[in-house]
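To keep things clear, I will list the structure first and then write my remarks on it.
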Amino acid sequence: MKIEPKLSAQKKHRKKMTKKQKWIFSISSVLLLVLAITHFVLSSIYEPTKQISAMNDAYNNQDKDAFFQEFEVKEGTVADAQNFYAIVKEYGWTNLRNQLTYEVERIMNNENPDIIYNGGEFISVHSKPILFGLYDRVEFIIIPTEVFIYAPFKNMTLQFGDKEIVSKSDEENVGFGHYIPGEYAWSYSYEGGYIPLADEGKLMLEAQADNIAQIDVDWGFQTVSVDSDLEDAILYVNGKSTEKKVSELRELYPAKLNSKIEVYAQSQDKDGKTVKSDVLPLDSDTIYLPFEHIRTEQKLAEHGDIIRDIYKNFRSDYSSAIRYTNFDYIGDYFREGSKIKKDYAKFVTDHDNIPGYNYEFLLNEIISFNTLSDKQFELQSYETFNYSSDKEGSINYERKKKYIFSFENGKYFIDEIVDLDTKKTKL
């Protein structure tokens, strides 16, 4: 006879799980699994040594953007991957990597990390709580430098990097904000003076001991002395009137020599016509602005003085030529091969055939001088002399003459001598 074993009371009374209980159990299991995976993933993400490893890979692959993204910058800081990569390369990545690793170890050992310096504060390393403090994320923060540029004048347009600021007062120390170390372009322009000023360049911004950089621009301003043969002429710079006379602007400051900047003066001549001086580049600290019509007048005046002297010398040499019947005394006053030269040569030598002649030259007076062109001139004279010969006796001559002089290749010639009026008186 087979005897059946009796079930225990516990087993006998065990109930099967309901569908709801099974569903709750499944959800809980999944959540626990997700939490475990999330914990593993987050622990891996926030593992600082892996951050440094990612930095190392990006740096060695010259992936500047990826390398830069491993670091943090404070809000409002001007920064870019190119600049940061260049600074780290100059600093030495191996050296920086070792320092970052050391500071991370200090954090993991619950010690306070130190700031990494590069002339000034460069990078700080600290732990930041994540997800209500369940995790800690190590942050590598690039410490910026505050930039200032001194502006000597109001309304100067200054640019540093991509930021442009106009100064609000003279001698203002203009603050541009915070920048990470690196190479930046700078420029300035100023239209507030008589001479437009502008310059540009690049500089390497390095961290300072107090993380404040005072940019000292080499302005290179200088004084330019200006003069002209018309001091009442108005000075123009690049075609724009300064509304000031040359006499009022003996010195221009601030100025910088720039051959692209043109300077000239403008006035009116005696007929009321607008005249303009030579246009000169601003490439010297001393500028003289000559007017062509003034130079022409000066040259003509010089011609007049020279021709007056030539006339007096001619009359003196003419007296010698007649006295000694030698044309060589006056031959150089005429053009070679000209008719007037041949006529006077004959007139002088013909005196050899006049018995007992004599000249007493009394007066050689210049009545007027006129400019016919820049190379031809007219002089009128009043001349008196006593003439005598065995045949004609003694005669007093009073003559008005016209002399035509020309200027060519630096030399003066007599082209014509015309008797305008002659009065003879028998003595």
Kindly list, by first and then second residue, each pair from a residue in the stretch 156-178 that is over 15 Å from residue 217 (Cβ atoms) to a residue that is loosely packed, with under 12 Cβ neighbours inside 10 Å and not β-branched (Val, Ile, Thr), limited to pairs with Cβ atoms under 7 Å and residues at least 6 apart or on different chains.
177/76; 178/76
Does residue 194 fit the bill of being part of a loop (DSSP other than H, G, I, E, B), under 22 Å from residue 264 (Cβ atoms) and under 19 Å from the mean Cα position of the chain (by Cα)?
yes
If a residue must be of a type in the set (Asp, Glu) and touching a residue at least 24 places away in the same chain (Cβ under 8 Å), how many such residues does the stretch 320-367 contain?
2
Kindly establish whether residue 378 is part of a strand (DSSP E or B), loosely packed, with under 13 Cβ neighbours inside 10 Å, among the charged types (D, E, K, R) and modelled with pLDDT of 95 or more.
no
Could you please let me know if residue 264 is surrounded by fewer than 18 Cβ atoms within 10 Å (Cβ to Cβ), among the hydroxyl-bearing types (Ser, Thr, Tyr) and farther than 30 Å from residue 413 by Cβ?
no
What are the pairs with Cβ atoms under 7 angstrom where one residue, in the stretch 56-77, is within 21 Å of residue 99 (Cβ to Cβ) and among the hydroxyl-bearing types (Ser, Thr, Tyr) and the other, located anywhere, is surrounded by fewer than 15 Cβ atoms within 10 Å (Cβ to Cβ) and modelled with pLDDT under 95? Sequence gap at least six, or different chains.
none
Helices (runs of 4 or more DSSP H) wholly inside the stretch 1-94 containing at least 3 residues that are over 30 Å from residue 163 (Cα atoms) and either at pLDDT below 90 or not assigned by TED's automatic domain parsing to the domain that holds residue 178 (or both)
9-13, 19-45, 48-60
Restricting attention to the stretch 295-339, the residues that are in a loop (DSSP other than H, G, I, E, B) and not hydroxyl-bearing (Ser, Thr, Tyr) number exactly 6
Please go through (1) closer than 30 Å to residue 151 by Cα; (2) in a loop (DSSP other than H, G, I, E, B); (3) charged (D, E, K, R) for residue 260 and return the number of the only condition it doesn't satisfy.
(2)
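The values are calculated or read from the model by the stated rules, or taken from the named source; none is laboratory data. In this text the structure is predicted, and so the values were computed from the model without any measurement. Positions of Cβ are generated from backbone atoms using ideal geometry, with glycine treated the same way; all protein chains shown enter the neighbour counts.
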